[in-house]
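The next block holds one structure in the form of structure tokens; read it before the comments.
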Amino acid sequence: YYRIVHVVSVLLLFALTFSAFANPQPARKRKLMIGSGIAALLALVAAFGVISKDYGNKMEGWMFVKLGVWLAVAALGGMVFRRPEKAGVFAWITAVLGAIAVYMVYARPF
């Protein structure tokens, strides 16, 4: 159950973040920030649920990297409303962060 909630909420977080990059109009800020905040919170809670159930509350190195990626993606969605001219740069950074997170899950390098 936790894995499903985690994956769905992370996908929703990335979708809302890229939606903010595509159209960073001030009128959309409130709804996008509420939605991405809820998705980020669900992703975090579900991630710790998975850690609790599957890893016995032991944090591994790759989990800390994913926690940093989560924090960065959650922050970038709001930053685009302050600096809309940087939306393209923020989108590339978010895409790279997503690739890093996927790599960490499958490779678990440390």
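Considering only residues that are part of a helix (DSSP H, G or I) and either touching a strand residue (DSSP E or B) at 6+ places or on another chain (Cβ under 9 Å) or not β-branched (Val, Ile, Thr) (or both), which ones fall in region 1-19?
The answer is TYR2, ARG3, HIS6, SER9, LEU11, LEU12, LEU13, PHE14, ALA15, LEU16, PHE18, SER19.
Return the total of residues in region 20-40 being of a type outside the set (Lys, Arg), in a helix (DSSP H, G or I) and without any contact (Cβ under 8 Å) to a residue 60 or more places away in the chain.
11
Going by what's in this entry, would LEU13 be described as open to solvent by less than 30 Å² (accessible area, probe 1.4 Å) and not polar (S, T, N, Q)? Give the derivation first.
Numbers: open to solvent by less than 30 Å² (accessible area, probe 1.4 Å): yes; not polar (S, T, N, Q): yes.
Judged against the criteria, LEU13 is a match.
Evaluate the following for GLY49: is it surrounded by 15 or more Cβ atoms within 10 Å (Cβ to Cβ), in contact with a His (Cβ under 8 Å, 6 or more places away or on another chain) and closer than 27 Å to TYR106 by Cα?
yes
How many residues does region 72-110 contain that are hydroxyl-bearing (Ser, Thr, Tyr) and either open to solvent by 40 Å² or more (accessible area, probe 1.4 Å) or in contact with a Gly (Cβ under 7 Å, 6 or more places away or on another chain) (or both)? Break it down stepwise before answering.
At the first step, the residues of region 72-110 found to be hydroxyl-bearing (Ser, Thr, Tyr) are 94, 103, 106.
Checking the rest, the ones that are also either open to solvent by 40 Å² or more (accessible area, probe 1.4 Å) or in contact with a Gly (Cβ under 7 Å, 6 or more places away or on another chain) (or both) come to 103, 106.
Within region 72-110, residues that are hydroxyl-bearing (Ser, Thr, Tyr) and either open to solvent by 40 Å² or more (accessible area, probe 1.4 Å) or in contact with a Gly (Cβ under 7 Å, 6 or more places away or on another chain) (or both) number 2.
Answer yes or no as to whether LEU67 is assigned to a helix (DSSP H, G or I), of a type in the set (A, V, I, L, M) and in contact with a Ser or Thr (Cβ under 9 Å, 6 or more places away or on another chain).
no
With (1) of a type in the set (A, V, I, L, M, F, W, C); (2) surrounded by fewer than 18 Cβ atoms within 10 Å (Cβ to Cβ); (3) at pLDDT 95 or above as the list, and ALA39 as the residue in question, which single condition is left unmet?
Failing condition for ALA39: (2).
The values are calculated or read from the model by the stated rules, or taken from the named source; none is laboratory data. If you're wondering where the values come from, they're calculated on a predicted model, not measured in any experiment. Cβ: placed from backbone, ideal geometry, glycine included. Neighbour counts: every protein chain shown. What goes into the accessible areas is simple: the full protein's heavy atoms, side chains included, and nothing from ligands, DNA or RNA. Shrake-Rupley method; radii C 1.70, N 1.55, O 1.52, S 1.80 Å.
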